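One structure below.
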Amino acid sequence: MRTLFFLLLFVNLAFATYVQLEPVAGSAAPPAWELQPEKIKLLQAPPAPATCLEWGTFVEADQERLEAAIASHELDDKLARQTLGTAPVYWVHIPPLRSKRHAERKMGELKRRGVTHYTRVDDTGKWDNAISMGFFENIEDAQAFLAALRKKGVRSAIIGARNLRQVKYVARSPEENMSAKMMQLKEEFPGSALKTGKCANT
């Protein structure tokens, strides 16, 4: 009898424990909190804006000479041209000559006098066969450049004001050796400037 008593007591305790652990019908079982790394989304900071090297500002009328210089430094595939708005500029130039032959003769004279920055204007408008020598954003720089030409014996150059569309050249995430080449370009174009900063969202 004693053995039977303890056996019944054990069965009752086991049944009571089962009833307490069994979830109530229709109720959801409590979630099992398991660490699942593949499902965890980490909050990441946005990438830092890229760095751009800007060279400018120029006018579209000088584009041919600019891009020839860029190509000579093997940078034509690394610089992107961006068109800006129209702005007044001061143009140092020799007024239009009678023909292409006269313009080429004048450029020969400039070369012999040590002048290296000039381009013959080749179009069908009123500036055809003029000799462009530089565009400047302010009159002081244009006057200083003209004074330097006068010291070399160039008497026919003058300053004129024009409204022209401007451009700049941008290198995105430039390579280490690119800054030196860009400094050389800057020296070839008086009045131009190099600027490093965050790239615009374009």
- Item | Candidate set from the range 107-130 (those that are buried (at least 18 other Cβ atoms within 10 Å of the Cβ) and closer than 14 Å to Lys152 by Cβ); member that is modelled with the highest pLDDT | Leu110
- For Glu187, which of the numbered conditions (1) part of a helix (DSSP H, G or I); (2) over 23 Å from Gly56 (Cβ atoms) fails to hold? (2)
- Note on the structure: Residues of the range 155-184 being in contact (Cβ under 8 Å) with a residue 40 or more places away in the chain and assigned to a helix (DSSP H, G or I), in sequence order, are Met178, Ser179, Lys181, Met182, Gln184
- Query: For the range 122-153, how many residues meet the condition of being over 25 Å from Ala193 (Cβ atoms) and of a type in the set (A, V, I, L, M)?
  - Reply: 1
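The values are calculated or read from the model by the stated rules, or taken from the named source; none is laboratory data. These numbers come from a predicted model, not from an experiment. Note: ideal-geometry Cβ built from the backbone for every residue, glycine included; neighbour counts use all protein chains shown.
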